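Comments concern the structure below.
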Amino acid sequence: MKKFHGVLTAALSGVLMAALAGCGGGSSGQKIVRIGHNQATDHPTHIALLEFEEYVESKLGSKYNVEVFPSELLGSQTDMVQLTQTGAIDFCVASNSILETFSDNYTLFNMPYLFASSEAYHASMDDPQITGPIFESTKKAGFQAVTWIDAGTRNFYTVNTPIESPSDLKGLKIRVQQSPTNVEMMRLLGGSATPMGFGEVYTSLQSKIIDGAENNEMALTSNGHGDVCKYYSYDMHQMIPDILIGNSAFLYDLPEEDRQVFEEGFAIVNEVEREEWTKAVEAAKERAENEQGVTFMYPDTAPFQEICLPMHESILEQYPDLRQFYDAIQEYNKTYSGGSSEGGSDT
Ligand code: GCU
């Protein structure tokens, strides 16, 4: 853990001020538990967090009032991680990419082509021997991960350039998440990396500030990117999980029996989101193709992989502590090789 962000960059919105007013207690002595995320209310993440809210309140409703804030109402993911770190809010969902800028350990799951299939991805993320030490590594910095959330496979999509091989990316401005690994990946693949927050992508595509972006299929529909981008190309470069993080002091201060209920709630978030994810991706593809006129393409992924794979060794040389987890992932890759990552669907 070495990189910290300074003061919150974005001005706190009115909604945030209102949300945080009277910080802590509800009207009837309940503790208000605030959870922020950046997805719309139709997204599996939101649906899963509402289940969490329902579960915790059904068990401990007299003590906790859980409030879920979608759609960047509490700021960008970077803002929300900082708010969670300081305890201004209790939980948020952050992409693993963003967490890389808070702790080097998270670099591991941002490596392009790390997982051989979605089965290998799921098995690795479900293995506490792999995730545990990474999830706890930021404890002293004010937050820790409590579960992971499937965010499918990331692929390139552009306004009007079909991406069939890495050379098609040349000269294109492609939005990436704000993480050094993603910027480097884009550089190697030949495109011009344009890092920006998720909430800015739609307008940037529309106003042609960027030529494309990379994300899972939900970005086309739930975020409307498919209204502007007409080519979605399954190069399958990353399976980057989202991570539910909680404020360390909040988690530490929970009485044992309450902690148990919260833990069950975290497991529900993971489970429900995964079930919803499968259905949501299917529906997103169908809608993107039939209503938004998006063409899905299935290029040979090998040339993309070949360019990106040297990143594995250079990252492991830079962060040697990650090698043990990387090796454990390779075992899952052997067990679940090929699988659904070749089929252009992470379902
Ligand atoms: C996905 C992911 C988000 C992330 C977004 C992005 O939607 O689930 O957590 O913020 O990609 O590209 O920024």
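Just so it is clear, none of the values below were taken in a lab; they were calculated from the coordinates. This is a predicted model, so every value here is computed, not measured. Here the Cβ is made from the backbone with ideal geometry for all residues, glycine too, and neighbour counts use every protein chain on show.
Here is how the numbers come out for the structure above:
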{"read-out": "Only one of 249, 280, 288, 267 that is under 20 Å from residue 96 (Cα atoms) and either of a type outside the set (Ser, Thr, Tyr) or part of a helix (DSSP H, G or I) (or both)", "value": "267"}
{"read-out": "Some residue of the range 48-60 being under 27 Å from residue 336 (Cβ atoms) and in contact with a Gly (Cβ under 7 Å, 6 or more places away or on another chain)", "value": "no"}
{"read-out": "Positions within the range 299-313 being more than 23 Å from the chain's Cα centre (by Cα) and either part of a helix (DSSP H, G or I) or exposed (fewer than 15 other Cβ atoms within 10 Å of the Cβ) (or both), in sequence order", "value": "300, 302, 303, 306, 307, 310, 313"}
{"read-out": "The lone exception for residue 73 - which of (1) surrounded by fewer than 18 Cβ atoms within 10 Å (Cβ to Cβ); (2) touching a Leu at 6+ places or on another chain (Cβ under 6 Å) it fails", "value": "(2)"}
{"read-out": "Scope the range 208-228; condition within 11 Å of the ligand (Cβ to nearest atom), part of a loop (DSSP other than H, G, I, E, B) and either among the acidic types (Asp, Glu) or in contact with a Ser or Thr (Cβ under 7 Å, 6 or more places away or on another chain) (or both); matching residues", "value": "216, 217"}
{"read-out": "Residue list for the range 38-82, restricted to those being out of contact with any strand residue (DSSP E or B) (no Cβ under 8 Å at 6 or more places or on another chain) and more than 28 Å from residue 202 (Cβ to Cβ)", "value": "54, 55, 58, 59, 60, 61, 62"}
{"read-out": "Enumeration of residues in the range 229-246 that are in a strand (DSSP E or B) and of a type in the set (Val, Ile, Thr)", "value": "243, 245"}
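The rows are residues; the columns are (1) more than 26 Å from residue 181 (Cα to Cα); (2) of a type in the set (A, V, I, L, M).
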site: 209; (1), (2): no, yes
site: 218; (1), (2): no, yes
site: 235; (1), (2): no, no
site: 285; (1), (2): yes, no
